[in-house]
1. Would you list the strands (runs of 3 or more DSSP E) that sit entirely within the range 90-199 and hold 2 or more residues that are exposed (fewer than 12 other Cβ atoms within 10 Å of the Cβ) and modelled with pLDDT of 95 or more?
2. Here is a check on your reading of the model: is Pro72 under 24 Å from Ser230 (Cβ atoms) and in contact with a helix residue (DSSP H, G or I) (Cβ under 9 Å, 6 or more places away or on another chain)?
3. Looking only at residues that are modelled with pLDDT under 95 and surrounded by fewer than 18 Cβ atoms within 10 Å (Cβ to Cβ) in the range 30-51, which one is nearest to Ile216 (Cα to Cα)?
4. Based on what the data block shows, is Leu24 closer than 22 Å to Ser202 by Cβ and either outside any loop (DSSP other than H, G, I, E, B) or touching a residue at least 24 places away in the same chain (Cβ under 8 Å) (or both)?
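The values are calculated or read from the model by the stated rules, or taken from the named source; none is laboratory data. Computed from a predicted structure; not experimentally measured. Cβ placement follows ideal geometry from the backbone for every residue including glycine, while neighbour counts extend to all protein chains displayed.
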Amino acid sequence: MSFVCRFAPSPNGPLHLGHAYSALLNHRAAEKAGGRFLVRIEDIDTERARSEFEAGILDDLDWLGCPPSEPPTRQSDNFSFYAAALAKLEAEGLIYPAFESRAEISRAVISRELAGPWPRDPDGTPIYPFRRQEIPDEERARRREAGEPHVLRLDMARAVGLVGSLQWEEAQGNPLGRPAAVTADPLAWGDVVLARKDTPASYHLAVVLDDAAQKISHVVRGRDLFHATSIHRLLQVLLGLPAPVYHHHRLILDIDGRKLSKSSGARSLATFRTTGALPDDIRRLINLPPKNARSARQVETPAS
């Protein structure tokens with residue numbers, strides 16, 4: 001099997017040190033394996049995606065020394081692909097329209113917690129507190145046809161009952177390490193959202209379809225997505241998609257121990273560059289070996 005990995009940033013802001021670590025780790029693994037390093041622009045949120053950010057991403061990757069093996073792909077080219085997958089799941093009775101607003105869901109969780117703690121998913125978000133059976137499918141169809149705002153949720157219990165137990169292969173130590181089986185637990189997530197009115201597919205659905213379309217053999221991504229792989233393995237089986245090997249790498253944290261993020265104002269690679277940093281300085285900050293040890297100099301630590 002040929003080695004193919006990818007880096008999949010969203011063009012809604014500049015890259016930071018966390019992105020640099022993931023991109024460099026993927027690129028280095030592809031080089032060592034004699035494989036391909038691909039870039040996928042995750043612009044499914046068309047309102048926030050900006051062409052200038054996409055251009056900046058590609059410029060940063062080139063500066064870091066990890067350009068993609070071929071021109072990047074974009075999620076916005078795959079919307080019909082997502083729609084076909086949703087139609088397949090719906091034809092099999094595995095998704096349903098849900099009409100509760102975020103406020104209604106929050107109130108329901110608060111009400112249920114009067115009797116004790118309400119379960120959370122692995123990310124700490126309360127599990128969806130309603131059941132599909134509370135509204136007949138016929139009524140759901142009527143309300144959807146009438147144009148009521150809704151999301152499409154996966155009937156998790158029905159889906160898991162259909163496919164049974166699941167595992168994924170997790171490369172140990174590094175992206176090229178020996179894989180070990182990890183037991184998947186998609187039920188821990190409840191009835192996850194697979195599409196919204198303003199988004200043709202959730203991250204969970206889009207990522208498995210995109211990885212399959214690009215023939216990704218190894219998904220190398222942050223540890224924060226480790227548990228979400230349970231959902232991805234389930235969707236791969238339901239949609240007849242191949243299963244890549246996974247490797248969930250460490251996260252780059254700020255001085256408060258939090259994952260770097262655009263929303264928290266993490267310092268961008270572009271800002272490091274304007275202060276005179278070199279690519280090997282970035283590698284040193286994220287604890288990767290430099291390509292040229294002599295060029296590495298002291299620059300500020302990565303707080304934000």
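1. Details: elements: 95-98, 151-154, 167-171, 179-183, 193-196.
The qualifying strands (runs of 3 or more DSSP E) are 179-183.
2. Details: under 24 Å from Ser230 (Cβ atoms): no; in contact with a helix residue (DSSP H, G or I) (Cβ under 9 Å, 6 or more places away or on another chain): yes.
Spelling it out, it is not the case that Pro72 is under 24 Å from Ser230 (Cβ atoms) and in contact with a helix residue (DSSP H, G or I) (Cβ under 9 Å, 6 or more places away or on another chain).
3. Here the answer is Asp45.
4. On the way: closer than 22 Å to Ser202 by Cβ: no; either outside any loop (DSSP other than H, G, I, E, B) or touching a residue at least 24 places away in the same chain (Cβ under 8 Å) (or both): yes.
No: the conditions fail for Leu24.
Yes or no, residue by residue, for (1) within 20 Å of Lys259 (Cβ to Cβ); (2) out of contact with any strand residue (DSSP E or B) (no Cβ under 8 Å at 6 or more places or on another chain); (3) of a type in the set (S, T, N, Q):
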site: Cys5; (1), (2), (3): no, no, no
site: Pro9; (1), (2), (3): yes, no, no
site: Leu17; (1), (2), (3): yes, yes, no
site: Leu24; (1), (2), (3): yes, yes, no
site: Ala30; (1), (2), (3): no, no, no
site: Arg36; (1), (2), (3): no, no, no
site: Val39; (1), (2), (3): no, no, no
site: Arg48; (1), (2), (3): yes, yes, no
